[in-house]
Amino acid sequence: MRNGLKPDLIERVLGAKPKYTLDELEAKYPPRQLQDGAFVTRFAPSPTGYMHLGGLYSALIDYKLAKQSGGLFLLRIEDTDTKREIKEAVDIIINSLAEFGIKNDNDDIYGPYYQSQRKDIYHSVAADLLARGLAYPCFLTQEEMDAIREKQKLNGLATGIYGEYARDRDISEEEIIKHLDNGETPSIRLYSTGNPDVRIFCKDAVRGSISVPENNEDIVLIKSTDRLPTYHFAHLCDDHFMRVTHVVRGEEYFGTVALHIQMFRMMGWTLPSYIHTATLDKIDDETGKQRKLSKRKDPEANVEFFLQEGWPTESVIDYLGNILASGYEDAKMKGQVKSFWDYELRPKKIPMSGSLFDMKKLEWWAKEYIAKLPVDELVGDVVNWAKKYGNDDNRKQVLNVDYLTSVLSIERDNPKRIRKDFITWQQTLQEVSYFWDFLFMPNKEYQYNTDTLREFLNTFDINDDKDTWWNKIVAVATKLGVKNGDVAMNLRVAVTGRTNTPDLYSIMQVMGENRVRMRVEGEIK
Ligand code: GLU
């Protein structure tokens with residue numbers, strides 16, 4: 001500890017009088033009144049205009065832990081470090097979360113939830129630390145810090161501002177005033193008393209009890225450039241005054257946990273429980289090795305990709321949920337739970353090391369999901385997707401909802417025969433595109449036996465029931481001395497352009513007499 005600064009000097013150092021005392025902040029943001037065991041979690045993205053799948057994974061943990069415990073899920077925008085257009089970037093985050101069924105519980109009392117609007121809080125806490133001699137103004141210039149860094153590197157030492165390298169640690173009031181009079185703006189640094197030879201213990205909800213070396217770095221709390229807080233200091237103030245109980249964040253933050261424990265202790269505040277999650281990995285197509293999902297290389301690293309392609313968002317949640325809680329798949333298949341929202345997520349079971357996200361596995365979840373969907377919901381989802389994300393053709397396909405419903409109803413009446421080839425809403429529309437004349441592509445490769453087509457048309461009646469229809473095909477085959485299947489195949493290709501389709505009778509019923517005749521005639525010429 002060093003000498004604390006007097007209020008008037010604190011005011012000069014921070015550039016303005018701090019707005020609150022700590023007591024006032026405690027009263028303004030009192031402990032939340034929630035049931036015992038309720039988790040208050042937060043997803044705290046930086047608005048970059050891009051939402052990584054790992055972010056969704058993290059938010060899913062936050063949301064699930066909050067909801068299943070009767071707690072709250074907060075969305076905090078960490079915008080102290082960004083020069084980008086915030087509004088649009090935040091909309092991407094809010095919209096993406098909403099698409100996946102994740103809604104935040106942000107309220108007016110504990111807000112604002114944008115860090116850029118919480119400066120008064122950070123400055124008030126910094127003022128308290130300055131007054132208690134647990135922080136100090138540092139006037140090191142960038143050049144001076146670079147020189148320190150070089151020297152440390154040369155000597156094989158840890159880099160950073162600590163111990164003897166922390167020049168201004170014990171700076172006197174007179175010196176501070178001299179710098180200020182000189183027009184310099186200081187950063188505010190932590191006055192660290194940690195000793196890296198000593199280890200401290202803490203609990204990580206995933207990793208159990210962990211021990212880490214104490215922090216001895218005088219890290220920056222408030223930056224000199226814009227007087228906004230660093231991540232570490234904002235985390236301390238926000239997670240305390242938002243009354244967050246569980247901090248779910250990437251394993252890259254694991255290395256700074258000692259610093260965070262140190263700061264919470266300095267303030268005498270309750271440490272939140274940490275849940276450091278593993279990154280989402282994939283198997284690299286070229287090397288066959290497991291690696292992080294990369295924003296640059298992998299389209300599926302971007303949450304937007306799943307929305308654009310129309311993956312059922314529920315199946316993405318299902319799959320991520322199963323990565324988080326490996327028993328979920330089994331429970332769902334056995335019908336014990338309907339969705340991941342009904343399955344208990346146990347923090348201890350959350351994977352600790354690189355979890356694989358495999359698109360093939362997601363396909364399986366998506367097929368299962370779509371196959372079990374009642375047809376009106378399937379149609380609703382497809383229409384919704386086409387309107388929001390589809391191209392002109394997709395939008396035309398969904399104009400006549402009755403027709404689309406009939407198309408997608410084929411083979412849905414028999415649960416044993418439900419089609420399992422639909423993966424995304426986009427691909428569903430592609431799979432049935434031949435039902436629309438403007439998308440139908442006659443098959444030019446197929447060698448038609450045009451006699452079968454001609455004979456079929458002679459007796460074709462759209463009002464025939466399935467048996468009568470089939471008997472007529474058998475009659476054509478007998479008359480021409482070919483197999484029944486050959487007649488059916490000629491018709492299938494003529495009507496759909498494809499050799500592999502669902503039940504042909506149903507297809508013709510949905511298409512109607514005129515369309516069937518037109519297409520079959522088109523191949524007779
Ligand atoms: N803004 C940080 C990030 O996006 C938040 C980390 C945290 O959740 O504490 O990684």
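Please note which helices (runs of 4 or more DSSP H) are completely contained in the stretch 134-250 and include at least 2 residues that are touching a residue at least 60 places away in the same chain (Cβ under 8 Å) and within 30 Å of G71 (Cβ to Cβ).
231-241
Residue check: is D413 more than 44 Å from the chain's Cα centre (by Cα) and among the charged types (D, E, K, R)?
no
Report yes if some residue within the stretch 257-272 is within 14 Å of the ligand (Cβ to nearest atom), out of contact with any helix residue (DSSP H, G or I) (no Cβ under 8 Å at 6 or more places or on another chain) and in a helix (DSSP H, G or I); otherwise report no.
Looking for residues that are within 14 Å of the ligand (Cβ to nearest atom), out of contact with any helix residue (DSSP H, G or I) (no Cβ under 8 Å at 6 or more places or on another chain) and in a helix (DSSP H, G or I), one finds at least one in the stretch 257-272, hence yes.
Could you count how many residues in the stretch 222-239 are open to solvent by 10 Å² or more (accessible area, probe 1.4 Å) and either in contact with a strand residue (DSSP E or B) (Cβ under 6 Å, 6 or more places away or on another chain) or on the phi < 0 side of the Ramachandran plot (or both)?
8
Using the structure shown, decide if L140 is within 16 Å of the ligand (Cβ to nearest atom) and surrounded by 18 or more Cβ atoms within 10 Å (Cβ to Cβ).
no
Would you be able to tell me the number of residues in the stretch 1-30 that are within 29 Å of V244 (Cα to Cα), open to solvent by 100 Å² or more (accessible area, probe 1.4 Å) and without any contact (Cβ under 8 Å) to a residue 60 or more places away in the chain?
2
Checking the condition within 16 Å of the ligand (Cβ to nearest atom) and of a type in the set (D, E, K, R), which residue from K292, K282 passes?
Just one listed residue meets the conditions, K292.
Examine the stretch 87-100 for a residue that is touching a Leu at 6+ places or on another chain (Cβ under 8 Å) and open to solvent by 40 Å² or more (accessible area, probe 1.4 Å), and state whether such a residue exists.
Within the stretch 87-100 (the criterion being touching a Leu at 6+ places or on another chain (Cβ under 8 Å) and open to solvent by 40 Å² or more (accessible area, probe 1.4 Å)), the answer is yes, since at least one residue qualifies.
Are there any pairs with C-beta distances below 7 angstrom linking a residue in the stretch 31-54 that is within 11 Å of the ligand (Cβ to nearest atom) to a residue that is aromatic (F, W, Y), with the two at least 6 apart or on different chains, and if so which?
T41/F73
Before we move on, is E99 closer than 30 Å to E300 by Cα, more than 16 Å from the ligand (Cβ to nearest atom) and modelled with pLDDT under 95?
no
Let me spell it out: the conditions are (1) surrounded by fewer than 17 Cβ atoms within 10 Å (Cβ to Cβ); (2) charged (D, E, K, R); (3) over 30 Å from E164 (Cα atoms); (4) over 23 Å from the mean Cα position of the chain (by Cα), and R132 meets all of them except one. Which number is the exception?
Answer for R132: the failing condition is (3).
Just wondering, is there one or more residues in the stretch 240-254 that are open to solvent by less than 40 Å² (accessible area, probe 1.4 Å), closer than 30 Å to K297 by Cα and either away from the ligand (no atom under 15 Å from the Cβ) or among the small types (G, A, S) (or both)?
yes
Name the residues in the stretch 466-476 that are of a type in the set (A, V, I, L, M) and either crowded, with 18+ Cβ neighbours inside 10 Å or in contact with a Pro (Cβ under 8 Å, 6 or more places away or on another chain) (or both), would you?
I473, V476
Kindly check whether there is at least one residue in the stretch 470-477 that is of a type in the set (F, W, Y) and more than 18 Å from G522 (Cβ to Cβ).
yes
Does T245 meet the test of being in contact with a Phe, Trp or Tyr (Cβ under 8 Å, 6 or more places away or on another chain) and under 25 Å from A126 (Cβ atoms)?
Judged against the criteria, T245 is a match.
List pairs: first in the stretch 477-504 and under 25 Å from L408 (Cα atoms) and in contact (Cβ under 8 Å) with a residue 40 or more places away in the chain, second open to solvent by less than 40 Å² (accessible area, probe 1.4 Å) and of a type in the set (F, W, Y), Cβ under 6 Å, 6+ apart or cross-chain?
From the stretch 477-504, the pairs are T496/Y434; G497/Y434.
Which count do you get for residues in the stretch 96-130 that are outside any loop (DSSP other than H, G, I, E, B) and either without any contact (Cβ under 8 Å) to a residue 24 or more places away in the chain or within 16 Å of D168 (Cα to Cα) (or both)?
Of the residues in that region, 4 qualify.
Only residues that are in contact with a helix residue (DSSP H, G or I) (Cβ under 9 Å, 6 or more places away or on another chain), more than 16 Å from the ligand (Cβ to nearest atom) and over 14 Å from A135 (Cα atoms): list them for the stretch 208-235, please.
Result: G208, I210, V212, P213, E214, N215, R227.
The values are calculated or read from the model by the stated rules, or taken from the named source; none is laboratory data. Small disclaimer: the values here were computed from a predicted structure and weren't measured. No Cβ is skipped: glycine too gets one built from the backbone with ideal geometry, and neighbour counts run over all protein chains shown. The accessibility values were calculated without ligands, DNA or RNA, using every heavy atom of the protein model including side chains. Shrake-Rupley method; radii C 1.70, N 1.55, O 1.52, S 1.80 Å.
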